[in-house]
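The values are calculated or read from the model by the stated rules, or taken from the named source; none is laboratory data. Since the structure is predicted, the reported quantities are computational estimates derived from the model, not experimental observations. Positions of Cβ are backbone-derived with ideal geometry, glycine not excepted, and every protein chain shown enters the neighbour counts. Side chains included, ligands, DNA and RNA excluded: accessible areas come from the protein's heavy atoms. Shrake-Rupley method; radii C 1.70, N 1.55, O 1.52, S 1.80 Å.
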Amino acid sequence: MARYGPKEHDVLIVGGGAAGLRASIAITENHPELSVAVISKVYPMRSHTVSAEGGAAAVIKDDDSLDDHAYDTISGADWLCDQDAVEAFVKEAPEELLQLEHWGCPWNREEDGNIAVRSFGGMKIKRTWFAADKTGFHLLHTLFQTSMKYDPIQRYDEFFVTRLVVEDGRCQGVIAIELATGKLEFIAARSVILCTGGCGKIFPFTTNANIKSGDGMALAYRAGVPLKDMEFVQYHPTGLPFTGILITEAARAEGGFLLNKEGYRYLQDYDLGEPKPYPVLRSMELGPRDRLSQAFEKEKEKGRTIEGPYGDYVHLDLKHLGERKIDEKIPFVRELCRKYENLDPAKEMIPVRPVVHYVMGGVHTDINGATPIEGLYSAGEAACVSINGANRLGSNSLTECLVFGARAGKAAAEYAAGKKKFSDGLEKIVSDEGKRIERMFFSEHGDQSESIAGIRKEMHQAMEDGAGIYRTEDSLKSSEKTIKELQERLHRISIQDHSYTFNTELTSAFELSYMLDVAEAIIRSALQRTESRGSHQRKDYPERDDEQFLSHSLAYQTGDGTPRVEYQPVTITRWPPGERKYGQ
C-alpha cells in the first residue's frame, strides 16, 4: 500500500451529505481565512441525503409555534431527548430553511406564493416544508452548488477513511485510502467533523443505501468516544419488501391508507397516542413511526398480514388519491413503484413492510457537536446531540442536519482558528495503519479464510432476529454471542483482489468491521435498558421506567466485544415527562 503526504487543513469534514456541506459553508462564512476540506467515500451528490423524500420540518405558519414543534419532538422522543438541544433546534430551523430558499431550494408553494407545508407523522400541526417528494435531492443539490462558490473549500471525493489520528488527547486528522489509486493519504487537520450518516446496513431490510455502514460512529468509538442511545433503532413502516426502498411518509400525509390482508384499516385498533375517534383532519396513518411498526408486528401475530417471498407485508392504498394528485405531490413514489414493483399506485396497492430507517443514537456530542475528544466534532445522523431521543419524528432529520451541521461547523472553526501545532510522531501512526492494511491484503489464513459476504449475511440475520422491533433478553443475548463470534471470524478474512484501483473488496471489509463494532454497541445498550421506550420495545419489560432509565446510554468500546455502558441524565427544561399524546 503506497503512502504519501501529509496534506494539511484547518478543518476537515468527513462526509459530503447535508450535514457535512452545511458545516463547510458555515465555516467559510464565519472564518473565510481557514482552509476547509470535505472528504467523502462517494461524490457528494451521491450522499444518502439525496434519498430523503418527504420534507423538512420548521415553524412557518401563523397557527404554529416553536413550543408546539418542541413539544411534538419531545413527546415523540418519549422524553429521552435533551430539551435544551430541542429548543435550540426548533428556534434555528426556520432560519435554516429560509436560508436554503435564498440559496435556491425549490420549495413547493401554495397558490398565494407562500411556502406549502404538509402533515407528517407525530406532528399535530402541518409544518413540513417539501419539494414534491424529492426534498433531499433538491436540498443536497442546493447545498452542493452553494459550497462550490467558496474557494477555501477543497474536496477529496472518493476517499475512504480508515482511522482517526488522535495524539496528545486531540484529533489531528484522518488516514484515508484514495479509491482510484489505492494510495494511503494522511490528511492533517486542526479539527475534524464526522458527518458520515447512519448505519442501517447492519440490518438486512433497510431504506439505507449501501454506503450507510456506520463508518463515522465506528471511527469515533474506536478512538474512545462513547456511542449514545444506540439501542434506539427506528423502523419505517412503509418500505418495499425486497429492496427496502422507502415509500415516503408523504404518501400517507397526502391521504394514503394502510390495509391488512382483509382490506381493513387496522391502525384504528391500536393506541397511536391520539384520542379516538381519530381527528377528522388527521389520518391514523400519521401516527409516529415506532407505533406504526409495532402495530404491523401485532397484525402479523394475528395472522392478518400477507405472506410474501421477502417476509410479511400489508398494503398501502393510494388509488383514491387519483393520478393528478399523485403526479403533483408524490411523483417519485409512482416512479419507484413502476421501476421496482412493476405496478402503478394510481391503479394498484403497494406492498409495504417495516424496514430499518434511522438510528436515533450516534457519536456522543454536546449541543455544538463537540465530542469528548478535543478537536473532534460530529453532526447529522452520525451524531447524537440528542433531539431524537427514543423515536425521531419524520421530517426532523433533514432540518437537524442543517441546524447542527452549521453549529458543528462554527464550533470546529473556532477551535481550529487557535492554530494549534500538530504533534510530533504522527508519521508512525500512518505507518502502523499502512502495515495493518497490508496484512488485510495478504492474510496468512489462506484457504481457511472467511467470506465477507458470509459474515455480513450472518450479522444481518442476528440483528433482525435479536434486535428488531421487539426484543427480549434471550434474543439479545443470542445476537450478542453471534456478533462476538463474527468479530473473531472477521480476522480470518483475506482480500482476494490485490489491485489498488477501486478495490471494493477492501472497502467492504472495512465497512463490515465498522458495522460489527456498531452492532455490539446496539445490542449491549439494548440488553441493559430493561424497559420499553419509543423504538426500543422489550417484551420482557413492556413498561417505560422513568425512575431507572430517564437517561442516555453511553457505550464505550472495551476491546473484548462487550462494551461498557454508562448513563447520563436527560436534560429537562420546561416539559416534564408525561404520556405520549398527539392531536391534543
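I'd like to verify a number: residues in segment 133-165 that are assigned to a loop (DSSP other than H, G, I, E, B) and either of a type in the set (Lys, Arg) or buried (at least 19 other Cβ atoms within 10 Å of the Cβ) (or both), how many?
Residues flagged as assigned to a loop (DSSP other than H, G, I, E, B) and either of a type in the set (Lys, Arg) or buried (at least 19 other Cβ atoms within 10 Å of the Cβ) (or both) within segment 133-165 amount to 3.
So Gly121 clears everything in (1) small (Gly, Ala, Ser); (2) in contact (Cβ under 8 Å) with a residue 60 or more places away in the chain; (3) open to solvent by 10 Å² or more (accessible area, probe 1.4 Å) except one condition, right? Which one?
(3)
Can you tell me which residue among Asp366, Asp344, Asp327 is of a type outside the set (S, T, N, Q), out of contact with any Phe, Trp or Tyr (no Cβ under 8 Å at 6 or more places or on another chain) and assigned to a helix (DSSP H, G or I)?
Criteria check complete, one pass: Asp327.
Within segment 531-544, can you find the residues that are open to solvent by less than 70 Å² (accessible area, probe 1.4 Å) and part of a loop (DSSP other than H, G, I, E, B)?
Matches in segment 531-544: Glu531, Ser532, Gly534, Ser535, Asp540.
For the condition at pLDDT 95 or above and out of contact with any helix residue (DSSP H, G or I) (no Cβ under 8 Å at 6 or more places or on another chain), what is the one hit in Lys457, Lys421, Lys477, Lys410?
Lys457
Give the residues of segment 217-257 that are surrounded by 24 or more Cβ atoms within 10 Å (Cβ to Cβ), over 16 Å from the mean Cα position of the chain (by Cα) and either over 19 Å from Val359 (Cβ atoms) or among the aliphatic types (A, V, I, L, M) (or both), sorted by residue number.
Val225, Ile247, Ala250, Ala251, Arg252, Ala253, Gly256
Scan segment 196-207 residue by residue and report those that are open to solvent by less than 10 Å² (accessible area, probe 1.4 Å), in contact with a strand residue (DSSP E or B) (Cβ under 7 Å, 6 or more places away or on another chain) and not aromatic (Phe, Trp, Tyr).
If the condition is that a residue be open to solvent by less than 10 Å² (accessible area, probe 1.4 Å), in contact with a strand residue (DSSP E or B) (Cβ under 7 Å, 6 or more places away or on another chain) and not aromatic (Phe, Trp, Tyr), then Gly198, Cys199, Gly200, Thr206 are the ones that fit.
Of (1) surrounded by fewer than 24 Cβ atoms within 10 Å (Cβ to Cβ); (2) at pLDDT 95 or above; (3) under 20 Å from the mean Cα position of the chain (by Cα); (4) not aliphatic (A, V, I, L, M), Glu178 satisfies all except one. Which?
(3)
Can you say whether Ala176 is in a strand (DSSP E or B) and farther than 24 Å from Met459 by Cα, as far as the supplied structure shows?
yes
Quick check on Gly389: is it on the phi > 0 side of the Ramachandran plot, of a type outside the set (Lys, Arg) and open to solvent by 10 Å² or more (accessible area, probe 1.4 Å)?
It is false that Gly389 is on the phi > 0 side of the Ramachandran plot, of a type outside the set (Lys, Arg) and open to solvent by 10 Å² or more (accessible area, probe 1.4 Å).
Output the helices (runs of 4 or more DSSP H) that fall wholly within segment 417-526 and possess 2 or more residues being closer than 22 Å to Asp540 by Cβ, among the small types (Gly, Ala, Ser) and under 31 Å from the mean Cα position of the chain (by Cα), or say none.
Hits in segment 417-526: 452-466, 473-490.
What number of residues within segment 288-302 are assigned to a loop (DSSP other than H, G, I, E, B) and buried (at least 24 other Cβ atoms within 10 Å of the Cβ)?
Within segment 288-302, residues that are assigned to a loop (DSSP other than H, G, I, E, B) and buried (at least 24 other Cβ atoms within 10 Å of the Cβ) number 1.
Filter segment 545-576 down to the residues that are in a helix (DSSP H, G or I) and open to solvent by 70 Å² or more (accessible area, probe 1.4 Å) and list them by number.
Glu547, Gln548
Given the criterion at pLDDT 95 or above, open to solvent by less than 50 Å² (accessible area, probe 1.4 Å) and in contact with a His (Cβ under 8 Å, 6 or more places away or on another chain), identify the matching residue among Ala93, Ala56.
That would be Ala93, the only listed residue that is at pLDDT 95 or above, open to solvent by less than 50 Å² (accessible area, probe 1.4 Å) and in contact with a His (Cβ under 8 Å, 6 or more places away or on another chain).
Looking at Gly380, Gly308, which is the one that is in contact (Cβ under 8 Å) with a residue 40 or more places away in the chain and within 22 Å of Trp129 (Cα to Cα)?
The unique qualifying residue is Gly380.
Working only within segment 297-326, note down all residues that are touching a Lys or Arg at 6+ places or on another chain (Cβ under 7 Å), closer than 24 Å to Ala52 by Cβ and of a type outside the set (Val, Ile, Thr).
Tyr313
Residues checked against (1) out of contact with any Leu (no Cβ under 7 Å at 6 or more places or on another chain); (2) modelled with pLDDT under 95; (3) among the charged types (D, E, K, R):
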residue	(1), (2), (3)
Leu316	no, no, no
Leu336	yes, yes, no
Glu341	no, yes, yes
Asp344	yes, no, yes
Met360	yes, no, no
Asp366	yes, no, yes
